[in-house]
Amino acid sequence: NLDALSAESTRVVLVLDGRTHGRGHLYLENAPYSSTTFAVGASAGTGCYFVTGPQRSGTTFLAHAISYDLGLPYIDEFDHYDPETFFNYQQFRELAVRSRNWVAQAPSLFHGLSDLRRDFPSVIPVVCRRDTDDIIASQRRVGWGEREDGYERQQLGIAATDRRPISEIKYERWGRIKSDFGHYVEVSFDELEQHPLYATTRSEFEAKQWS
């Protein structure tokens, strides 16, 4: 299981390849046992995965895929959305402490990664890498507006003079802090289509999952 990994920081790569196990698997590259895969039956029901990063980068699908593959409870920030407060870290923490194992989809809580490491020392953060131009185009398609943009900028403490896309800023910050975690996961957006849950047409998505 994941406890077999060394305490040293290890880059963890998620390979979503349904052809191998029929339901996807986790492959740990450069881990002490690099050929080990974690699939349903091997590590089912264990682990805490915090899927975060830029909005519209693939977090919803990725969190569902991990939850499906490992049989873990799924926490979606949208299910606890409040128009006034959005989804705050305290709400998440109250939900997460009820279960030792979970998969959380929470791009709006990217700013809470430091608190997350303190409250859940064994957590594995997961970030999906997607081209920032594609992220911006996706945000426009779903009506991501100034209010949502302003909220994230406020939460992240972004200076008013910094008008770079939030996705670019988040990826930059992630690059600086990811080594603070013992283990973390990075996934390329292009890898997602290899998973058996991947929908090939927009009609297969709920509106909130459209890419």
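The values are calculated or read from the model by the stated rules, or taken from the named source; none is laboratory data. Quick caveat, the model's predicted, so the values are computed rather than measured. Ideal geometry is used to build each Cβ from the backbone, glycine not excepted, and the neighbour counts take in all protein chains shown.
Any chance the stretch 147-169 includes a residue that's in contact with a Cys (Cβ under 7 Å, 6 or more places away or on another chain), hydroxyl-bearing (S, T, Y) and under 24 Å from V185 (Cα atoms)?
Of the residues in the stretch 147-169, the ones in contact with a Cys (Cβ under 7 Å, 6 or more places away or on another chain) are none.
No - not one qualifying residue is present in the stretch 147-169.
Look at the stretch 127-167 and say how many of its residues are exposed (fewer than 11 other Cβ atoms within 10 Å of the Cβ) and among the hydrophobic types (A, V, I, L, M, F, W, C).
Summing the residues that are exposed (fewer than 11 other Cβ atoms within 10 Å of the Cβ) and among the hydrophobic types (A, V, I, L, M, F, W, C) in the stretch 127-167 gives 2.
Going by what's in this entry, would G143 be described as under 21 Å from D79 (Cβ atoms), part of a loop (DSSP other than H, G, I, E, B) and of a type in the set (G, A, S)? Steps first, answer last, please.
Values: under 21 Å from D79 (Cβ atoms): yes; part of a loop (DSSP other than H, G, I, E, B): yes; of a type in the set (G, A, S): yes.
Spelling it out, G143 is indeed under 21 Å from D79 (Cβ atoms), part of a loop (DSSP other than H, G, I, E, B) and of a type in the set (G, A, S).
Restricting the stretch 168-197 to residues that are assigned to a loop (DSSP other than H, G, I, E, B) and at pLDDT 75 or above, which is surrounded by the most Cβ atoms within 10 Å (Cβ to Cβ)? Spell out the reasoning first.
We begin by selecting, within the stretch 168-197, every residue assigned to a loop (DSSP other than H, G, I, E, B); these are 181-182, 195-197.
In the following step, the residues that additionally are at pLDDT 75 or above were identified as 181-182.
On the way: F181: 20, G182: 18.
Among residues in the stretch 168-197 that are assigned to a loop (DSSP other than H, G, I, E, B) and at pLDDT 75 or above, the one surrounded by the most Cβ atoms within 10 Å (Cβ to Cβ) is F181.
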